[in-house]
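So the structure is just underneath, and the comments pick up after that.
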Amino acid sequence: MPFSAVFSGRHPERSSVTARLCCVIAFALAGQGCSVDSGPQNATSTAHARLISQKQYFNTVEYVFGPDITLSTQFAPFRRVDGLLANGGSTAGITVGQMREFQRTAGALAEQVVSPEHRNFLIPCKPAREDAADEACATQFLSVVGRLLQRRPLDPKVQAATVAEAGAAADRLKDFYAGLAVALEGLLISPDMLFIIDQTEPDPKRPGQQRLDAYSLASRLSFFLWDAAPDDELLQAAQRGDLYTSKGRARAVDRMLASPRLEAGVRAFFDDMLAFDEFAVLTKDPGIYPAFSGETLLDAREQTLLTIYDHVVVKKGDYRDLFTSRETFISPALALLYDGVSAPPGWSRFEVPADSPRVGLLTQVSFLAGHSHPGRSSPTLRGKALRELLLCQIVPRPPPNVDFSQLENPDAHYPTQRDRVAAHLAAPSCAGCHRITDPIGLALENFDGAGRYRTQEGGTPIDASGNLDGKPFTDAVGLGQALRDNPGLPACLVKRMYSYSVGGSDIKEEKIVLPYFRERFEADGYRVPELMRTIAMSTAFSSIAEPAATPAQTQVVADRGGTRK
Amino acid sequence: MKNLRKLESLGRRRVLRGMLNGGIVTVGLPLLNCFLNDNGTALASGAPLPVRFGTWFWGLGMNSKIFVPNKLGAGYDLPEEIAALARVRDDINLFTNFNAFRDSSPNICHYTGWVIMRTGQAPTGSEDRPGETIDVTIARAIGRTSRFPTLTATATGDMRTSFSYLNANSPNSAEPSPLNFYSQIFGADYQDPNAESFTPNPRVMARKSVLSGVLDRTREVTKIVGSEDRARLDQYFTALRDLERQFDQQLTKPEPIAACHAVTAPAQDPKNGIDSDAVAIRHKMLTDLMVMAVACDQTRVFNMAYSASSATTIKAGYEKPHHTTTHEEGVDSKLGYQPTASWFTRRAMESWATFVEAFRNVKEGDGTLLDNVLIYATTDHAWARVHSLEGIPLFTAGRAGGRVKSGLHIDGKGTTAVRVGYTGMKVLGLDVNSWGTKSNNTTSEVSEMLA
């Protein structure tokens, strides 16, 4: 809901009645009532201070100020931790260079917000004089915006100081709006904006233990489900204490799951889990793959995200069926790689013909081209990606003293990739790892390094047979089915999604809580929104493992979520 | 007379700051005919020309048979893989027969080598980033007065291609876009030191005031997080302090700098991708901006990466990228080396020569900018095909204000490569008695390169 709507009282989200109805329908379909089951009561998660990601920052700004605000900036990427960039936010530091980027972004954003073309609908009041301070108007704007950006009501001291800064700057610059912009910049670079800090308080239900305070719980919910800061309604629910009651939390979660903003959350999670950040630097040799352009890269990523969202949210499909489904979307750039297919401008629904081997996500260009070399396919990279990204397994790095003599002059000696990687299996130092990657990747050899279908390589017919953990198949269709039936597939999704939701989890926590999530996921027909709901409603999601580090600092801050430690 | 001497001792910044007295004025300044002292070795203020430090990186080492010269010392021969260095041979030093010792740590392919040479320490695992990189250490000593403590760029198009970090979780991201790099350095916040007039931006004064509130708030927030997060908040606090310093600088008229010239904004970024031609173009564009950023005293510490450690640079029409080529291309029986792998290394050496030349092309004082820099160029392996760390090559370029010689091929006699970086630290005036750990620990400078 854009900022202007906050003031006007409009409510673009579906009503809570609709949300509850969705919940009822969803659970009825899954054979359950709209009950609240929070899982193991001894389960906890860890409190983090997560650095906000670029996408979260942009999504939040868009919610608060609307889509007209444009930002051109590049925040430093996080390290991938336990398979997820999101977890890297829990350990990422801020360098001098990054801080300057935050400041530059804040300056550009604030300037647009107070610009003549935006101020009339983004600033809810008019100053008495435009060339001087106006405390009342500044307070009205900064208190509301500050609460949304910093995800809890501004500390009264901070609010007073921010308004005073706006006033002093307005007087100095002889411009109310310029003063407001400078104060807004301060809010945008403050630690309360840039760090998503899990603040805790004693848990009355578990004496001696901690729980997230209401606003931190709201933030954790919102960044998980929407990849953005909480909206006004969620903050109100936090303020009322609703999130501490089962019904109140369920109401909030179901509203969020029913919101169009869920799409941003679902896309962000899968974009991270599938390591699509690599697309930013993926490249193909245009001499070898002339049909593969920069547009293909963008569309390959988008095709998979569209397919996933459509299947798991719109159609409420079984997550596992993503790997056997023939339903997807097509664009003109991708159609060039789908021989014999034409596509109108934009995106169109597309069902792969029944006799086509292009079945499921593994045969989409994003996976095939994303895990290939710039000039050729790679059974090893594809097999490794399947194991690491989709089954949460770790494929060891090659040994440093590996003997490459077996692979010399591969062009001359090996007509196909199958023959070439066979050399890996013949060398004991290589075979250990290549045995777990190559038989998977070889099943995708009917697709070249750009993702285009082929039946031959260098004039030699391609043998696309292989096996996954002992389950044999003859082609990519069989691989998709084997992966679909692999119990590691949903288990990996559960592991990644829980870790993503809490900003990183450890083995101890996971041991307690993951079995419960896996069981629920299975019982819910492997429906992703139900898994999101299960996680969001769990005790682990809101209970914190360790007491705060500095109990001596305990203080009560009025209207900021209670006790902070 | 006494008063006059007192006035002479005031720097231009101090005079202007006094004139401003917190208010907004425009100060007309005649462009000085003489930016330097009479003998061209110091700024007009009397301060000596600053000595700067930079790094350069190329991935995947070399083929020693066609890379390592036969002759040591000055006037060394240039085997075919480094033939491109002919135009800068006398401006660089080539160090061979040095080692990166991993001791009991594993040899993490394409990682251990560069980390040792940039930090003096062998990482214990692929997630381990020990210490801080040499540029960060040196920037702490010499980078406090320039606008940017460090500037980091990469020709790979990937901002993650950086060999600079403060700690395990804080890499200095590299700028891959020439357009963005221009904007970052010479965009709206750039103050031309040779501008005829100077008007402090009143908005900056307001920003500085607001920033003090953010600093106060950070102190409070730091109290409510755990110890690990507290360290991150402390780092954030330090970054805010740097912002404050930047605001102060923006409110102060900079000293004129003769070597600093107007830079034209790039019309557009080079095409995406990492084929070697695109990389060379991107590298040249970023280099030109970096060189002028140094000449204009926007930074005194800089990092440039030509390629990643396991470089994926492409040769048009050849199916394998550089890294894969080093492992899968056979050693040509007639040539005695991997021809395509060598082709990639030669392209890297061409760009290294371009980088050095760009500093030499800027006149500074009686000489060139290259006379007042020391550039430390490293790689990840000696022979990438087998991930070797023995005999790993490295370079320096420049003469560090006359403190080092150039034009030499220096034999490391199997000692740690960390010695070259340690020598750089000493040359830059750092008060360090040793650098590195375990077998890479050294107290021994490379005396041959010292003037």
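Structure above, values below:
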quantity: FRET efficiency estimate (nearest 0.05) - Cβ-Cβ, B:THR443 to A:SER143, R0 41 angstrom; calculated: 0.10
quantity: Chain A: angle of helix A:428-441 to the longest principal axis, Cα-based, in degrees nearest 10; calculated: 80 degrees
quantity: Rel. contact order, % - alpha carbon contacts under 8 angstrom, at least six apart, region B:277-341; calculated: 17 percent
quantity: Charge dipole (the protein assembly as shown, unit charges on Cβ, about Cα centre) - positive-most of B:GLY75, A:ALA237, B:ALA122; calculated: A:ALA237
quantity: Debye intensity ratio I(q)/I(0), log10, region B:199-252, q values 0.28, 0.30 Å⁻¹ (C-alpha model); calculated: -1.02, -1.10
quantity: Inter-chain shielding of B:199-211 (mean C-beta neighbours from other protein chains, 10 Å cut-off); calculated: 6
quantity: Nearest-20 debye value, chain B charge dipole, Cβ charges on Lys, Arg, Asp, Glu; calculated: 1220 debye
quantity: Diffusion constant of the protein assembly as shown at 37 °C, which comes from Stokes-Einstein with the Kirkwood Cα-pair radius and 0.692 mPa s, µm²/s; calculated: 107 µm²/s
quantity: C-alpha center-to-center spacing [region A:117-148, region B:155-203] in angstrom; calculated: 33 Å
quantity: Mean projected area (nm²) of the alpha-carbon convex hull when region A:271-484 is viewed from all directions; calculated: 12.0 nm²
quantity: Relative contact order of region B:199-252, defined on C-alpha pairs under 8 angstrom at six or more residues apart (%); calculated: 63 percent
quantity: In degrees, nearest ten, helix A:176-188 long axis to first principal axis of chain A (Cα); calculated: 50 degrees
quantity: Coordinate range along principal axes, alpha carbons of chain B, Å, largest first; calculated: 77, 57, 46
quantity: Contact order relative to length of region B:359-421, as percent, for alpha carbon pairs under 8 angstrom and 6 or more apart; calculated: 28 percent
quantity: Rounded to the nearest 20 debye, dipole of chain A from Cβ charges on Lys, Arg, Asp, Glu; calculated: 1220 debye
quantity: Degrees, to the nearest 10: A:96-113 long Cα axis against longest axis of chain A; calculated: 60 degrees
quantity: Distance between region A:259-280 and region B:47-83 - C-alpha centres, whole angstrom; calculated: 45 Å
quantity: Approximate spin-label separation B:ALA316-A:ASP469, in nm, with each point projected 7 Å along Cα-to-Cβ; calculated: 4.7 nm
quantity: Dipole of region B:199-252, positive direction: furthest Cα of B:MET205, B:GLN249, B:THR218, with charges on the beta-carbon; calculated: B:MET205
quantity: Loop-located trypsin sites (Lys or Arg not before Pro) in region B:394-451 whose Cβ has at most 11 other Cβ within 10 Å (DSSP); calculated: B:LYS413
quantity: Sites A:LYS247 and A:TRP347 - FRET efficiency at Förster radius 35 Å, r taken between beta-carbons, to 0.05; calculated: 0.35
quantity: Kyte-Doolittle mean at least -0.5 and Cα axial length at least 24 Å: DSSP H helices in chain B; calculated: B:202-222, B:276-295, B:339-360
quantity: Sorted by Cβ density within 10 Å, fewest first, the residues B:TYR111, B:TYR190, A:TYR63; calculated: B:TYR190, B:TYR111, A:TYR63
quantity: Distance (nanometres) between label positions extended 7 Å along Cα→Cβ at B:LYS271 and B:GLU80; calculated: 2.9 nm
quantity: Shielding by other protein chains, A:278-290, mean Cβ within 10 Å; calculated: 5
quantity: Size of electric dipole in the protein assembly as shown: Cβ of Lys, Arg +1 and of Asp, Glu -1, about Cα centre, debye, nearest 20; calculated: 2040 debye
quantity: Charge context of B:MET349, other residues only, Cβ under 12 angstrom, K/R +1, D/E -1; calculated: +1
quantity: Least to most buried among B:TRP435, B:TRP343, B:TRP383 (fewest other Cβ within 10 Å first); calculated: B:TRP343, B:TRP383, B:TRP435
quantity: Positive-end extreme of charge dipole, the protein assembly as shown - chosen from A:ALA491, A:VAL61, B:GLY336 (charges on Cβ); calculated: A:VAL61
quantity: Sum of -39500 (n - 2.57) over DSSP H runs of 4+, divided by residues of chain A (222 nm, nearest 500); calculated: -14500 deg cm²/dmol
quantity: Distance between modelled label sites at A:THR460 and A:CYS125, nm, 7 Å Cα→Cβ extension; calculated: 7.8 nm
quantity: Fewest-first sequence of A:THR73, B:THR161, B:THR222 by Cβ atoms within 10 Å of each Cβ; calculated: A:THR73, B:THR222, B:THR161
quantity: Part-to-part distance (alpha-carbon centres) for region B:367-410 and region A:469-519, which is given in Å; calculated: 48 Å
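Every number in this text was worked out from the coordinates using simple rules, so none of it is lab data. Just so it is clear, the structure is predicted and the values come from calculations on it, not from any experiment. Virtual Cβ from ideal backbone geometry, glycine too; neighbours counted across all protein chains shown.
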